[in-house]
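K.L.:
First the structure, then my questions, so here it is.
The values are calculated or read from the model by the stated rules, or taken from the named source; none is laboratory data. Bear in mind that the values here come from a model prediction, so they are computed numbers and not experimental data. Note that we place each Cβ from the backbone using ideal geometry, even for glycine, and neighbour counts take in every protein chain shown.
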Amino acid sequence: MPVEKYEPLKKVFYRATSGGRELVAEQLRVRRSSPAAFTWPYEVGKHGLFYVHTRGLAERVERVWRQEIQIAALWQKLPVTAREHYFHELVVDEIKATNDIENISSTRKEVVAAVEAERSMGKASEGAPVRRFREMVRQYLALPGDFLGRDDLPPLGFPSNLSEIRSLYDSLVGEEVDKADVPDGELFRTGDVSLNDGVRELHAGARGESTIRARLEVMLDSVHESRGVQLFAAFVEHFMFEHTHPFYDGNGRMGRFLLSIRLSRLLSTPTALSLSAEIFRQKRRYYDAFTMAEDPMNYGELTFFVEDMAAMVNAAQARLLSSLEERSDRLKRLEQSLRALESEGAVSELAFSIAFLLGQVALFGPRAGLSLDEVASVVGVSKPTARKGITELESMGYVEFLSRRPLVTALTAPGLTWLGLAE
């Protein structure tokens, strides 16, 4: 016997040849009372929010876990330097994408500069002006906790109260918000906000700060209760935040960052940092998912919103896997090239160690080079010794200096070719 297709209630109504309202009322009753239904004390229009854990969602979540296992296996095989620089690249891509979704003007170069300024904690850019997006970068760099081996940034947890949501908002996007759009309530906005397409209203945020507070409290309770399938609950909480629209500006970037925090505790940090880029690629689907969820004829059901978000995570994971596999293969070729060159006695062991390090940066990082301090620290030698190895490679035309103060070095085009890394 064929399984009846699970469809949005709006579609059920329009497919009915007669008695559409009665059919929808019965379907709504069955869905909300199902053992597979999850509900929240949060209203979408006049209807309580819920989703049903359908077979389609079960298949989606299985695919997520399966791909996570593959991602984790590849990630753990990478050298520490490769992981760190790839993490920085993912942060750059995530921030650029989350800005692009909201049509916020930003360049990759700006974000890379902010990552470098924050990563070096001023050592490499003392006296330089504060970089744009540096505060945003600081928050993203704290996502993996001790991943970077730094004790000055405690692991970033999900806000536990409304004041922490506001503090995080100020840190994340405060520098980009116009004075006219700064929240005018105790924590959130007091005025009304709405989105339209020039013809009709598409979305209206919660009205009044007291309503905003009540809605966000439901979201926080959901985060910290840990009931049901947490991955799907994270998508529901994302909907709650965006639907509430607690600020005049910056809601999208803030909402996606909160989702990144949640996902980084449920999945891998690389996956969490790959979602905004996928949302940007599927921007229409992302906004359509909100539109469907808010449609009064769907009676507060988020099943299809959750499924769309899970599908975008699946797609983000697939792209991440492809990238990891391709870079891991190139890393293997780099190691093979170095072993072959080492057997020829082409350069000293120290120079080979430095070349391998710079090769990882070229393969995995948003930056082109490394400082003398970084080279010495990772290779495990003094700075004068590291400088000798760098000078040896420079004399052969394989590295160049991007900066003298501080000393920053990178592979040249001949150096990339020498190591088998040229495109």
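K.L.:
Pairs under 8 Å by beta carbon, first residue in contact (Cβ under 8 Å) with a residue 60 or more places away in the chain in the stretch 298-326, partner crowded, with 21+ Cβ neighbours inside 10 Å and part of a loop (DSSP other than H, G, I, E, B), six or more apart or different chains?
P.N.:
Going by the 8 Å Cβ cut-off, the qualifying pairs are V313/L267; Q317/S274; L320/S274.
K.L.:
Can you pull out every residue in the stretch 329-360 that is in contact (Cβ under 8 Å) with a residue 12 or more places away in the chain, over 24 Å from S377 (Cβ atoms) and either part of a loop (DSSP other than H, G, I, E, B) or of a type in the set (S, T, Y) (or both)?
P.N.:
S337
K.L.:
If you take the residues of the stretch 380-399 that are within 36 Å of the chain's Cα centre (by Cα) and within 10 Å of A351 (Cα to Cα), which of them is surrounded by the fewest Cβ atoms within 10 Å (Cβ to Cβ)?
P.N.:
Looking at the filtered set, the residue picked out is I390.
K.L.:
Does R83 satisfy the criteria of being under 17 Å from F305 (Cβ atoms) and either in a helix (DSSP H, G or I) or in contact with a Phe, Trp or Tyr (Cβ under 9 Å, 6 or more places away or on another chain) (or both)?
P.N.:
In short, no.
K.L.:
Please verify whether the stretch 60-69 includes one or more residues that are assigned by TED's automatic domain parsing to the domain that holds R215 and closer than 15 Å to F305 by Cα.
P.N.:
Within the stretch 60-69, one or more residues are assigned by TED's automatic domain parsing to the domain that holds R215 and closer than 15 Å to F305 by Cα.
K.L.:
For Y6, state whether it is surrounded by 13 or more Cβ atoms within 10 Å (Cβ to Cβ), outside the structural domain of F239 (by TED's automatic domain parsing) and in a loop (DSSP other than H, G, I, E, B).
P.N.:
Details: surrounded by 13 or more Cβ atoms within 10 Å (Cβ to Cβ): yes; outside the structural domain of F239 (by TED's automatic domain parsing): yes; in a loop (DSSP other than H, G, I, E, B): yes.
Taking the combined requirement at face value, the residue satisfies it.
Yes/no per residue for (1) without any contact (Cβ under 8 Å) to a residue 12 or more places away in the chain; (2) in contact with a helix residue (DSSP H, G or I) (Cβ under 8 Å, 6 or more places away or on another chain):
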| residue | (1), (2) |
| --- | --- |
| L74 | no, yes |
| K77 | no, yes |
| H85 | no, yes |
| N99 | no, yes |
| S105 | yes, yes |
| A113 | no, no |
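K.L.:
Among the residues of the stretch 261-306, write down those that are more than 19 Å from Q230 (Cα to Cα), buried (at least 18 other Cβ atoms within 10 Å of the Cβ) and β-branched (V, I, T).
P.N.:
Scanning the stretch 261-306 gives a single hit, I279.
K.L.:
Being out of contact with any Leu (no Cβ under 6 Å at 6 or more places or on another chain) and under 23 Å from K77 (Cα atoms) is the filter here; which residues of the stretch 364-375 pass it?
P.N.:
The answer is F364, G365, P366, R367, A368, L370, E374, V375.
K.L.:
Hey, among the residues in the stretch 12-54 that are at pLDDT 95 or above and either charged (D, E, K, R) or on the phi > 0 side of the Ramachandran plot (or both), which one's surrounded by the fewest Cβ atoms within 10 Å (Cβ to Cβ)?
P.N.:
Here the answer is R29.
K.L.:
In addition: F13 versus (1) in contact (Cβ under 8 Å) with a residue 40 or more places away in the chain; (2) assigned to a loop (DSSP other than H, G, I, E, B); (3) more than 36 Å from the chain's Cα centre (by Cα): which is the lone unmet condition?
P.N.:
(2)
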